Amino acid sequence: MNKALNKRNRVRMLDEFSSGDEPDWVKSFPGPFQTSSKREVAEKLLSTDFRLLLHDWTNEYTEQGLGNIVIPVVRFKDMKPVIVYMLLISNLQDTAKMVTQHVSKDPMLFPYPSQNLVNTPSIPIWRSQRSAVADAFLPKTNLSQTVPLVNEYAQIWCERLKTVEDGIVNIKEELLHTALCVYIHGLLGVPNPFNGKVFSESTPVDSEPIRDIFNLEIRPLDHKKMIERITTGKKFIDSLYEKGMSGGIQTPLMTSLMTIEDDRARDENMMALLVAGHDTTAFTMQFLLFELARHPEYQHRARAECVAVYEQIEKNGKDIEYDDLSKFVFLRRCITESLRLWNVAMIVFSRVSSAPERVTGLNNQQVEIPKGTRFNFWYYGQHHSRDLWGEDALIFNPDREFKNHELQRGDHTGRFIYPFCKYL
């Protein structure tokens, strides 16, 4: 964001923020405003990578990654970037309360009002769209039908890796390409989304232009480049609609998306699902393979388990099914530990409080924040806190103690699926 701002915008943003009133509640929380002037903090925001700032500020103003602090962030008002205050929450009790009781998304997150279920500020729209697509992700019904396809793609991918020249593989590109192809084929019903090629014929080169648009990376773009990306993305989405709805049998997710009557809302949801559906999976797989390569003792255990499970499946004379996934006990632990240690996203989309609320401030005092207070969660701090995980918090250890819901074992309602918090 900071590189995309021109000098005039930067000066305007700094002047407006520095001269504006500071809400009373801001003074009741630790953070950079306790030790520096508003302008100094704002200048740092606009001149430093935000991810590095998050690390610096949370390391300085929280205890072992836990606690609540106030920081500045860039948002949009009347299509213009502005600097505003945000409460970053990592106190465990406050996290448990805010994550369930205040679900309204930040209306200033983008230059234009968002209409997708991931970050729409409208709770009625969110509920309606969530209801429209939720059934498509039911594990025991719709998702279970994709297991044979995932297994087939995995076998094709492994065979392709054997033919790579010099044995050198760009694992990031390979996994991003594979995850996107699996997602589009399995959940949208389109087996040949890139240049008309099926997965066995395609390579990461075929999907790269689309992956350059639908991803989690934050890159500054000028207006012309942004319009080009939007146009290309729209054409690709339209091609998915056409192929997915003309294939005879429509997948539950494609059918659900087509029930959204508003064209823009439907397109935004498709874009959000394309990003969330493949980027997170691919990066988690990268981190998992990275840690298994660093720890051959865990790699051998995971491989031995996989071999044993597959041998038993073949012995029973059947293909792998959804219910077989629970048999990969140690592999599941490795995946869970990868998710804890390597956050796919440091933070998620910010929210605003739907009513006045009391949370923990300076000296553990309860502070009332007003309705409409912008906040987010510092998952990274909780995932890496020695107070929660012990002295080996920064070490990959799949044998550590996890809760059943963190390992996705047993039946748990969505209210309790908050991994690595050690409170819910």
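Just checking, does the range 413-424 include any residue being modelled with pLDDT of 70 or more, out of contact with any Pro (no Cβ under 6 Å at 6 or more places or on another chain) and in a loop (DSSP other than H, G, I, E, B)? Scanning the range 413-424, I find no residue that is modelled with pLDDT of 70 or more, out of contact with any Pro (no Cβ under 6 Å at 6 or more places or on another chain) and in a loop (DSSP other than H, G, I, E, B), so the answer is no. Restricting attention to the range 347-386 and to residues that are crowded, with 18+ Cβ neighbours inside 10 Å and of a type in the set (D, E, K, R), the residue that is farthest from L109 (Cα to Cα) turns out to be E357. Number of residues in the range 128-158 that are under 19 Å from Q408 (Cβ atoms), part of a helix (DSSP H, G or I) and among the hydrophobic types (A, V, I, L, M, F, W, C) equals 6.
Listed here are the residues, each with its yes/no results for (1) part of a helix (DSSP H, G or I); (2) assigned by TED's automatic domain parsing to the domain that holds R374; (3) of a type in the set (V, I, T).
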residue	(1), (2), (3)
P30	no, yes, no
D56	yes, yes, no
E60	yes, yes, no
I69	no, yes, yes
V73	no, yes, yes
V84	no, yes, yes
K97	yes, yes, no
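Within the range 281-307, the set of residues being closer than 15 Å to N343 by Cβ and not β-branched (V, I, T) comprises A282, F283, M285, Q286, F287, L288, F290, E291.
Results for (1) farther than 24 Å from V147 by Cα; (2) assigned to a helix (DSSP H, G or I), shown as yes or no for each residue.
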site: E173; (1), (2): no, yes
site: L176; (1), (2): no, yes
site: C181; (1), (2): no, yes
site: P191; (1), (2): no, no
site: S207; (1), (2): no, yes
site: K224; (1), (2): yes, yes
site: F236; (1), (2): yes, yes
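In the range 335-346, the residues that are surrounded by fewer than 18 Cβ atoms within 10 Å (Cβ to Cβ) never reach a residue that is not in a helix (DSSP H, G or I) with C-beta atoms less than 6 angstrom apart, at least six apart or across chains. For the range 321-380, the set of residues classified as in a loop (DSSP other than H, G, I, E, B), aromatic (F, W, Y) and closer than 20 Å to L66 by Cβ consists of W342, W378, listed by residue number. Among the residues here, Y298 qualifies as over 30 Å from N195 (Cβ atoms), at pLDDT 90 or above and in contact with a Pro (Cβ under 7 Å, 6 or more places away or on another chain).
Being farther than 30 Å from V164 by Cβ, assigned to a loop (DSSP other than H, G, I, E, B) and without any contact (Cβ under 8 Å) to a residue 40 or more places away in the chain, is that true of even one residue in the range 247-257? Reasoning before the result, please.
Let us first name the residues in the range 247-257 that are farther than 30 Å from V164 by Cβ, namely 247-257.
Retained after the next criterion (residues that are assigned to a loop (DSSP other than H, G, I, E, B)): 247-251.
Subsequent filtering for residues that are without any contact (Cβ under 8 Å) to a residue 40 or more places away in the chain retains 248.
Yes, because at least one residue in the range 247-257 is farther than 30 Å from V164 by Cβ, assigned to a loop (DSSP other than H, G, I, E, B) and without any contact (Cβ under 8 Å) to a residue 40 or more places away in the chain.
One residue alone among K97, K44, K38 is basic (K, R), in contact with a strand residue (DSSP E or B) (Cβ under 9 Å, 6 or more places away or on another chain) and within 22 Å of A355 (Cα to Cα), and that residue is K97.
Give just the number: which of (1) crowded, with 19+ Cβ neighbours inside 10 Å; (2) under 26 Å from L216 (Cβ atoms) does F29 not satisfy? Condition not satisfied by F29: (2). Need pairs with beta-carbon distance below 7 Å; first residue over 21 Å from I260 (Cβ atoms) and within the range 130-151, second among the small types (G, A, S); sequence gap 6+ or separate chains. Final answer for the pair search is T146/G186; L149/G186; V150/G186. Scanning the range 299-334 for residues that are within 21 Å of L175 (Cα to Cα) and either without any contact (Cβ under 8 Å) to a residue 40 or more places away in the chain or over 26 Å from the mean Cα position of the chain (by Cα) (or both) returns Q299, A302, R303, C306, F328, L331.
The values are calculated or read from the model by the stated rules, or taken from the named source; none is laboratory data. Nothing here was measured: the structure is a model prediction, and the numbers come from that model. Here the Cβ is made from the backbone with ideal geometry for all residues, glycine too, and neighbour counts use every protein chain on show.
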